[in-house]
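Below is one structure, written out as structure tokens; the observations come after it.
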Amino acid sequence: MRPLRSAEVIAVGSELLTASRLDTNSLFLAGRLRAIGIQLRAKAVVGDRADDLDAVLRAALGRSDLVVLTGGLVPTDDDLTRPVVAAALERPLSEDPAISEAIRERFARRAMTMPEINRRQAMVPQGATVLPNANGTAPGLYLEAGDHVVVLLPGPPRELEPMFDAVVRDHLRARTTGTRLYTRVVRVFGRSESHTEEAVQPFYARWAARPLPIEATILAARGAIDLHLTVNAPDEITAAGVLGSAVG
Ligand code: AMP
Ligand code: MG
């Protein structure tokens, strides 16, 4: 199987398209993925509509090795994400009795009976690994499909973040090359953004052609221009060598 290098995050939730709610899950995931050498290539926010989610998911699968979807796993969202992913990957859904039982017990601990619609949260696409949710009812799901990995995580950050750290990271790390991304920032004073770009341009092809290619991004900072140089390297010493020689 090909190692995971690129990722896309799809945040599902109509509330995230309003002025009052921000998609913060993709920020958390960008940092965590980067730390294990997987670079976020694109991200999207989609409302609770199956046809829109289907289109965005298919585009992401055409582009990136890993697709992480967050949200849309609860009955109030019509459990949108699970059936759309199952259909796109052609995996039939079936109820996992262990999950329905765990949800039933969760309600019972609060002296409540489980509403029947919660059983939808126990529907698992064929071949998926169930990711336990220590802080809510909706379990996450981990799926391998050919060279792709698709992960479904609950929307609430207090459920998603511990789930990622407890189980998702190790699953993903087993599918990476063991490298991670290291960045060095070179601060340039006294030049405009385009002048910096012009000065750096001749280096781009050379950096890209190295055995460990260097990617450059130019960002305007306050009173200066920051040149971000990034390399995917096995360890910090190797990265420091590569990045040091780039600008030395
Ligand atoms: P859901 O699982 O889609 O019903 O989301 C439940 C809760 O998580 C809501 O309060 C959402 O606003 C919040 N939430 C969902 N997606 C995100 C996201 N991408 N970033 C931050 N919060 C989110
Ligand atoms: Mg939602």
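The values are calculated or read from the model by the stated rules, or taken from the named source; none is laboratory data. Small disclaimer: the values here were computed from a predicted structure and weren't measured. Don't worry about glycine lacking a Cβ; one is built from the backbone with ideal geometry, like all the others, and counts go over all protein chains shown. These area figures cover heavy atoms from the full protein model, side chains too; ligands, DNA and RNA do not enter into them. Shrake-Rupley method; radii C 1.70, N 1.55, O 1.52, S 1.80 Å.
Here is how the numbers come out for the structure above:
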{"quantity": "Cα long-axis angle, helix 97-109 against the chain (0 to 90 degrees, to the nearest 10)", "calculated": "80 degrees"}
{"quantity": "Nearest-ten-degree value, helix 236-247 long axis tilted from longest Cα axis of the chain", "calculated": "40 degrees"}
{"quantity": "Residue-wise HN-Hα coupling along the stretch 83-93, computed from phi with Karplus coefficients 6.51, -1.76, 1.60 (Hz; x: Gly, Pro)", "calculated": "x, 5, 5, 4, 5, 5, 8, 6, 10, x, 9"}
{"quantity": "Projected area averaged over orientations for the chain, convex hull of C-alpha atoms, nm²", "calculated": "15.9 nm²"}
{"quantity": "Cα-centre dipole for the chain with unit charges at Cβ (Lys and Arg positive, Asp and Glu negative), debye to 20", "calculated": "680 debye"}
{"quantity": "The stretch 107-224 - charge dipole about Cα centre, Lys and Arg +1 at Cβ, Asp and Glu -1, debye rounded to 20", "calculated": "320 debye"}
{"quantity": "In degrees, nearest ten, helix 25-35 long axis to first principal axis of the chain (Cα)", "calculated": "60 degrees"}
{"quantity": "Cα-derived Rg to Rh of the stretch 180-247, Kirkwood definition", "calculated": "0.98"}
{"quantity": "Most to least accessible of 177, 113 (protein chains only, probe 1.4 Å)", "calculated": "113, 177"}
{"quantity": "As computed over the stretch 120-239, the Cα convex hull volume per residue (Å³)", "calculated": "165 Å³"}
{"quantity": "Solvent-accessible area of residue 120 with every protein chain in place, 1.4 Å probe, in Å² to the nearest 10", "calculated": "100 Å²"}
{"quantity": "Coordinate range along principal axes, alpha carbons of the stretch 1-143, Å, largest first", "calculated": "44, 41, 31"}
{"quantity": "Separation of alpha-carbon centers, the stretch 178-203 and the stretch 65-136, rounded to whole Å", "calculated": "45 Å"}
